[in-house]
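A short write-up of the structure that comes next.
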Amino acid sequence: MADGGAAYGAPDRPESRTQRIVRKLSRGPLHLVIIGVCLAWMTPTAGLFVSSFRTRSEIATTGWWTAFVPPLEFTLENYQHVLTARGMGQSFINSVMISVPATLFTIIVAALAAYAFSWIEFRGREALFLVVVALLVVPIQLTLIPVLRMYAGLGMTGTFPAVWLAHTAYGLPFAVFLLRNFFIALPKDLLESAYLEGASHFVAFTRIVMPLSVPALAALGIFQFLWLWNDLLVALIYLGGFRDVAPMTVTISSLVSSFGSEWHLLTSAAFVSMVLPLIVFFALQKYFVEGILAGAVKG
Amino acid sequence: MRERVGKLTASPWLYLAPAFALLGVFLLYPVTNTVYLSFFDRRSEVFVGLDNYIYLFTHPDTLVVFRNNLMWLVLFTGATVTLGLLLAVLTNLVRYEAMAKAIVFVPMAVSFTAAAVIWRFMYIYQPAEFVQTGVVNAVMVALGFDPIAWITTRSVNNFALIASGVWMWTGFALVVISAGLKGIPTEIIEAARVDGATETQIFWHVLLPMLRSVIVVVAVTLVINSLKVFDLVYVMTFGNFETDVLANRMFKEMFTFGNFGRASAVAVILLLAIVPLMALNIRRFRREQ
Amino acid sequence: MARVLYDHVWKRFGDFAALKDFNLEIEDKEFLVLVGPSGCGKSTALRLLAGLEAISEGEIYIGDDKINDVPPKDRDIAMVFQSYALYPHMTIRDNIGFGLKLRKTPKAEIAKRVEKAAEILGVESLLDRKPGQLSGGQRQRIAVARAIVREPRVFLLDEPLSNLDAKLRVNTRAEISKLHARLGTTFIYVTHDQTEAMTMATRIAVMDAGVIQQVGTPQELYDHPVNVFVAGFIGSPAMNFFSARVGETNGTLELDGASLKVSVPLDRAEELKGFVGRELLFGIRPENIHDTRYVPRGVSAAPVTVKIDVTELMGNEVFLHMLAGENKILARVDPRTELRAGDDAEVMMDLERMHVFDPDSKEVLRSGVGGAASDSDE
């Protein structure tokens with residue numbers, strides 16, 4: 001994309017050697033700015049990463065950037081400690097237990113609704129969809145008290161189903177919106193042909209629409225998974241102080257409030273929580289960006 | 001005129017029922033219930049009219065909350081959009097564009113909780129006579145300034161928090177605006193060059209107007225996020241030192257003060273602030289249909 | 001029996017009526033072509049039969065079954081779509097067999113029938129590929145194979161050739177005709193291209209603005225169009241029209257247009273006598289206008305003075321674009337003609353083949369004498 005043919009790229013024309021050198025020099029400030037920004041953007045994460053391998057006393061007395069001056073002293077003890085003694089190991093499992101099922105539920109429920117919104121004609125379809133669009137930006141804060149009371153009444157606080165259901169519901173407006181926009185753009189002839197050949201709506205949904213929507217489903221899945229993985233608020237409210245079900249975000253935030261200056265713990269705990277999102281991000285960046293672009297309205 | 005339909009055999013409700021059952025129980029009903037509860041006392045037993053709202057709009061503690069959200073709205077949105085736009089245009093000119101964008105975008109994949117830890121670590125403060133272990137203060141000292149306690153100093157801590165938000169969201173603005181930039185046909189830029197426009201003129205008179213709708217989309221998203229900001233504040237300061245925001249205040253009202261009436265009122269104020277943006281979304285959606 | 005009957009069918013989209021009192025009977029084993037300009041309602045008529053749109057009013061029968069409320073899958077029809085509508089994620093084999101599979105046909109039976117359909121269309125070698133790997137012509141064949149594999153009572157084709165290039169289209173036309181002969185099933189074919197209609201149909205229904213204009217064999221429509229629309233739509237190049245007043249001087253009739261005068265020979269005078277004093281619309285096909293030197297034997301022709309505007313040599317014939325005052329007239333004449341652009345010349349109109357229309361109702365008043373039948377009143 002960076003060649004001269006790209007939109008708003010540098011103009012492409014033959015140039016002499018001196019011209020090229022002049023151009024390269026004149027573009028110096030440009031590179032300086034971009035590289036500077038990139039370095040600035042990496043510094044905070046790099047600092048966290050480096051510090052997570054340093055000992056408690058070193059972190060407290062010297063800046064992490066001095067760690068590269070010999071003698072090099074790094075340790076894995078911090079990780080060992082947070083994963084076992086500080087519950088980050090259990091929390092990692094809890095985060096998986098929360099995010100994976102809730103992501104799958106969201107996709108299934110949203111895909112069903114999106115199919116109806118795009119391929120079944122019924123009275124009030126547009127009005128109902130506008131409700132979904134309106135719900136896109138409703139802050140979940142508006143729902144916390146009544147839902148918490150409901151869960152308390154049912155004895156569900158501190159259970160995984162409580163967060164699965166809540167996460168699924170909160171993710172639905174965005175998921176339905178995204179999938180409906182994708183489904184409705186599928187060629188009409190394909191669906192009509194399937195109906196003529198004897199497909200029911202359910203067959204058309206499972207055999208035609210879903211297989212053809214893999215890119216959209218993947219984008220939504222990744223986006224939703226990361227969103228849930230990174231959630232603090234919902235887990236904090238509905239899982240409350242139940243440590244045995246707390247995901248990593250909750251555990252880290254309680255580490256911050258009880259060990260605010262124990263940086264060897266905080267840095268390694270934070271990095272544990274970042275490993276999976278970073279892998280997902282770098283491996284599936286394309287889908288993630290597609291999800292972002294499709295859902296630029298989500299709050 | 002009744003249409004006889006041979007085509008439909010399945011009811012749409014079978015497909016919509018799971019979604020709308022969940023939306024009803026977890027969004028539609030709770031929202032109305034919260035509005036209702038905001039007119040009751042701390043235990044939702046006694047009707048108190050507008051007392052909760054009057055308290056929130058008159059008490060100095062909560063007025064600070066409004067001021068802070070306003071600061072977030074203006075500074076966070078403004079800085080993120082500006083940076084995103086600038087970087088989108090600049091990275092478009094270089095060969096390592098994809099890598100530069102990925103680097104700025106990475107924080108989007110990280111939780112606010114982790115980001116809060118990262119930035120608390122960036123802002124670590126030691127009294128001037130000690131070695132600074134936080135990057136920001138180390139740079140300050142190296143440049144000959146005094147170190148600052150960024151998290152606790154009331155004149156700067158909101159800016160420090162907002163900066164961490166900008167760090168997280170610039171990647172979002174960059175990616176979306178950059179996609180919009182790619183959508184502008186090369187011919188238009190070339191035509192402007194042929195007409196004798198300088199690169200700066202092209203930016204102001206061609207690119208910016210053509211990116212307008214994309215920038216609006218980004219700005220709306222950021223404004224919504226600035227109103228709902230929670231995790232960063234909760235983890236970095238828990239709203240202390242005059243950094244509180246609506247979402248965190250609501251959490252405090254619920255679990256620290258146990259006042260569900262006021263907590264509901266805070267949520268309703270949040271909703272009222274967002275309603276215009278909701279209307280904007282609906283209008284845009286209807287226009288696109 | 002797979003007769004199809006449209007009985008007073010209406011289709012409305014809001015205030016717009018796409019079909020207005022549509023009546024049509026299609027015989028068993030017939031190849032009926034619905035033809036008309038885009039937006040005339042021909043595709044809507046097909047989609048109502050397929051069950052892809054709801055009928056607003058009236059009834060549709062297949063055989064003796066009223067199918068208004070029958071879901072599409074139970075109507076025993078198959079359809080070839082303009083876009084072919086092949087499922088991109090399935091192999092060609094699965095594409096063709098999809099409908100059978102949904103009907104719980106045994107696997108061995110599906111395999112056999114898919115092979116057979118593929119053989120008929122000559123696409124056996126493509127069965128394990130995916131649609132994305134095929135050319136447009138191959139995809140079109142797969143779409144047809146998918147439709148015939150279920151052995152439906154009625155076979156619907158919606159502009160199946162419009163995505164093919166010109167040469168392939170001509171070949172495929174012939175193949176579809178052969179297929180119809182081989183299967184002996186009712187075919188209903190929608191197109192905007194009158195050439196396709198003329199070359200393939202056993203009968204044609206010409207539509208305009210949601211209304212059937214005329215139904216008949218290709219020859220009937222060509223020779224005896226019932227109104228100006230059909231006369232102008234069927235035939236390529238299209239029929240010439242000019243309005244003229246029927247006058248009488250010294251016992252001979254004269255057609256007097258704005259800048260065009262035709263003297264009518266006495267043997268034709270009898271038939272036009274009733275119209276004396278009236279302003280009429282006349283239609284004549286390009287092949288019924290001749291170079292004066294090459295008028296075929298036995299044609300009663302009347303001379304018209306024109307100016308030659310452009311000549312186009314087509315090889316076995318020459319198109320003369322002519323001006324008669326304001327009227328633009330096209331003639332398709334013998335290639336030996338020596339008329340050239342810029343000439344003022346006299347050409348001969350075959351008056352027997354002249355069609356006469358009422359200028360207000362646009363209905364035919366008198367058809368030209370055709371190859372076979374005489375006047376048509378239907």
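Condition check ((1) touching a Lys or Arg at 6+ places or on another chain (Cβ under 7 Å); (2) at pLDDT 85 or above; (3) over 21 Å from C:Ala301 (Cβ atoms); (4) assigned to a loop (DSSP other than H, G, I, E, B)) across all residues:
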{"position": "C:Leu330", "(1), (2), (3), (4)": "no, yes, no, no"}
{"position": "C:Ala341", "(1), (2), (3), (4)": "no, yes, yes, yes"}
{"position": "C:Ala345", "(1), (2), (3), (4)": "no, yes, no, no"}
{"position": "C:Ser361", "(1), (2), (3), (4)": "no, yes, yes, yes"}
{"position": "C:Gly368", "(1), (2), (3), (4)": "yes, no, no, yes"}
{"position": "C:Ala373", "(1), (2), (3), (4)": "no, no, yes, yes"}
{"position": "C:Asp377", "(1), (2), (3), (4)": "no, no, yes, yes"}
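Could you tell me which of the residues B:Asn240, B:Asn248 is in a loop (DSSP other than H, G, I, E, B) and more than 7 Å from chain A (Cβ to nearest Cβ)?
Residue meeting the stated conditions: B:Asn240.
Of the set (1) farther than 27 Å from C:Leu127 by Cα; (2) of a type in the set (D, E, K, R); (3) touching a residue at least 12 places away in the same chain (Cβ under 8 Å), all apply to C:Lys66 but (3). Inclusion of B:Ser11 among residues that are buried (at least 17 other Cβ atoms within 10 Å of the Cβ), out of contact with any Pro (no Cβ under 6 Å at 6 or more places or on another chain) and modelled with pLDDT under 95 is not warranted. Of all residues in the stretch B:186-239, count the ones that are of a type outside the set (Lys, Arg) and either farther than 30 Å from A:Trp229 by Cβ or loosely packed, with under 15 Cβ neighbours inside 10 Å (or both). Residues flagged as of a type outside the set (Lys, Arg) and either farther than 30 Å from A:Trp229 by Cβ or loosely packed, with under 15 Cβ neighbours inside 10 Å (or both) within the stretch B:186-239 amount to 27.
Mind listing whichever residues of the stretch C:175-198 are over 17 Å from C:Ala238 (Cβ atoms) and open to solvent by 50 Å² or more (accessible area, probe 1.4 Å)? Those that are over 17 Å from C:Ala238 (Cβ atoms) and open to solvent by 50 Å² or more (accessible area, probe 1.4 Å): C:Glu175, C:Lys178, C:Ala181, C:Arg182, C:Leu183. Identification of strands (runs of 3 or more DSSP E) wholly contained in the stretch C:166-236 with 3 or more residues that are within 12 Å of C:Gly36 (Cβ to Cβ) yields C:203-208, C:211-216. Among the conditions (1) free of Cβ contacts under 8 Å to residues at least 24 places away in the same chain; (2) at negative phi; (3) not small (Gly, Ala, Ser), C:Thr91 misses just one, which is (1).
Inspection of the stretch B:64-84 identifies no residue that is among the hydroxyl-bearing types (Ser, Thr, Tyr), in contact with a Gly (Cβ under 7 Å, 6 or more places away or on another chain), buried (at least 17 other Cβ atoms within 10 Å of the Cβ) and under 30 Å from B:Glu242 (Cα atoms). For the stretch A:251-270, name all the residues that are more than 8 Å from chain B (Cβ to nearest Cβ) and part of a helix (DSSP H, G or I). Those that are more than 8 Å from chain B (Cβ to nearest Cβ) and part of a helix (DSSP H, G or I): A:Thr251, A:Ser254, A:Leu255, A:Ser258, A:His264, A:Leu265, A:Ser268.
For (1) in a loop (DSSP other than H, G, I, E, B); (2) surrounded by 21 or more Cβ atoms within 10 Å (Cβ to Cβ); (3) at pLDDT 95 or above, each residue gets a yes or a no:
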| position | (1), (2), (3) |
| --- | --- |
| C:Met79 | no, yes, no |
| C:Leu86 | yes, yes, no |
| C:Gly99 | no, yes, no |
| C:Thr105 | yes, no, no |
| C:Ile120 | no, no, no |
| C:Gly132 | no, no, no |
| C:Gly137 | no, no, no |
| C:Val144 | no, yes, no |
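Results for (1) at pLDDT below 95; (2) not in a loop (DSSP other than H, G, I, E, B), shown as yes or no for each residue.
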site: A:Leu142; (1), (2): yes, yes
site: A:Met150; (1), (2): no, yes
site: A:Ala169; (1), (2): no, yes
site: A:Leu186; (1), (2): yes, no
site: A:Leu190; (1), (2): yes, yes
site: A:Val203; (1), (2): yes, yes
site: A:Gly221; (1), (2): yes, yes
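For the stretch C:21-29, the criterion of being open to solvent by less than 20 Å² (accessible area, probe 1.4 Å) and over 19 Å from the mean Cα position of the chain (by Cα) is met by none of the residues. When the stretch B:88-113 is filtered for residues that are open to solvent by 10 Å² or more (accessible area, probe 1.4 Å), touching a residue at least 40 places away in the same chain (Cβ under 8 Å) and more than 7 Å from chain A (Cβ to nearest Cβ), the ones remaining, listed by number, are B:Val89, B:Lys101, B:Met108.
Taking the criterion of being facing another protein chain (nearest Cβ under 8 Å) and open to solvent by 30 Å² or more (accessible area, probe 1.4 Å), the residues of the stretch A:208-248 that qualify are A:Pro211, A:Leu212.
The values are calculated or read from the model by the stated rules, or taken from the named source; none is laboratory data. Values in this document were obtained by computation on a predicted structure and should not be read as measured data. With ideal geometry, Cβ positions are generated from the backbone for all residues, glycine too; neighbour counts draw on all protein chains shown. For the accessible areas, the whole protein counts, side chains as well, though only heavy atoms, and no ligand, DNA or RNA atoms are used. Shrake-Rupley method; radii C 1.70, N 1.55, O 1.52, S 1.80 Å.
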